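To start, the structure itself, in structure tokens.
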Amino acid sequence: LNGMRLLLIRKSSKIRFEGVLLKDAARWNTHILGSEDVSFRRCKLMNSLINNEQFGSLDGWDPDASRRVLIEDCFGWAGDDNVAIKCTGRGALDSCHSVEDITVRGNVFLTKKTSLKIGTETRCERMRNIVFEDNDIIEADRPFGVNVRDRALVENVLFRNNRVEYNY
């Protein structure tokens, strides 16, 4: 796996974070790869808002080829996407070839890019049962995004009761 992450959860299950601070990642902050039953509650995620040659793609949470991920009642401040649900096609992902049952609820986000996103990498069969609800987006270039660049079938996605203060 290329690139530094502050936190890489790979081929894991039943992982729970409550009230932690995830700060100053050099690239993606939290990469959840090929895992299931992972939750973040009442956490704070803070990345630099400045992308440069040394520190690019400063995503917040990246559920990647994972199932049953919950991001709830958190605060996220990121230079790139706050939450980017994806399938990068990296690593030996024998146990999970699709993305399923991802919930992003009750959070507060600020970003210079897309706040709530599916994609850009969509190298799996399916991405389904994804819920973005009751989130407050204080600032974003694009509040919401679905970018299917590769082959995945994206289905059963719900954006409900999300609020946006300011977008560029």
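The values are calculated or read from the model by the stated rules, or taken from the named source; none is laboratory data. As the structure is a computational prediction, the values presented were derived from the model and not from experiment. No Cβ is skipped: glycine too gets one built from the backbone with ideal geometry, and neighbour counts run over all protein chains shown. Heavy atoms of the whole protein, side chains included, go into the accessibility calculation; ligands, DNA and RNA do not. Shrake-Rupley method; radii C 1.70, N 1.55, O 1.52, S 1.80 Å.
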For this session: List every residue pair whose Cβ atoms sit under 7 Å apart, with the two residues 6 or more apart in sequence or on different chains, where the first one lies in region 33-48 and is within 22 Å of Glu100 (Cβ to Cβ) and among the charged types (D, E, K, R) and the second, anywhere, is open to solvent by less than 10 Å² (accessible area, probe 1.4 Å) and modelled with pLDDT of 95 or more.
Result: Glu36/Ser66
Exercise. Among the residues of region 155-162, is there at least one that is over 16 Å from Leu33 (Cβ atoms), in contact with an Asp or Glu (Cβ under 6 Å, 6 or more places away or on another chain) and outside any strand (DSSP E or B)?
Worked result: yes
Seminar exercise, completed: When every residue in region 89-107 that is open to solvent by less than 10 Å² (accessible area, probe 1.4 Å) and either part of a loop (DSSP other than H, G, I, E, B) or of a type in the set (Gly, Ala, Ser) (or both) is compared, the one modelled with the highest pLDDT is Asn107
For this session: Using the structure shown, decide if Phe144 is more than 17 Å from Thr88 (Cα to Cα), assigned to a strand (DSSP E or B), open to solvent by less than 60 Å² (accessible area, probe 1.4 Å) and aromatic (Phe, Trp, Tyr).
Result: no
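Here is a yes/no grid of residues against (1) touching a Ser or Thr at 6+ places or on another chain (Cβ under 8 Å); (2) at negative phi:
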residue	(1), (2)
Thr120	no, yes
Arg126	yes, yes
Asn129	no, no
Asp141	yes, yes
Arg151	yes, yes
Glu155	no, yes
Problem set entry | Residue check, Arg151 in contact with an Asp or Glu (Cβ under 9 Å, 6 or more places away or on another chain), assigned to a loop (DSSP other than H, G, I, E, B) and in contact (Cβ under 8 Å) with a residue 12 or more places away in the chain | yes
Seminar exercise, completed: Residue hits (region 120-140; under 14 Å from the mean Cα position of the chain (by Cα) and more than 20 Å from Leu70 (Cβ to Cβ)) are Thr120, Glu121, Thr122
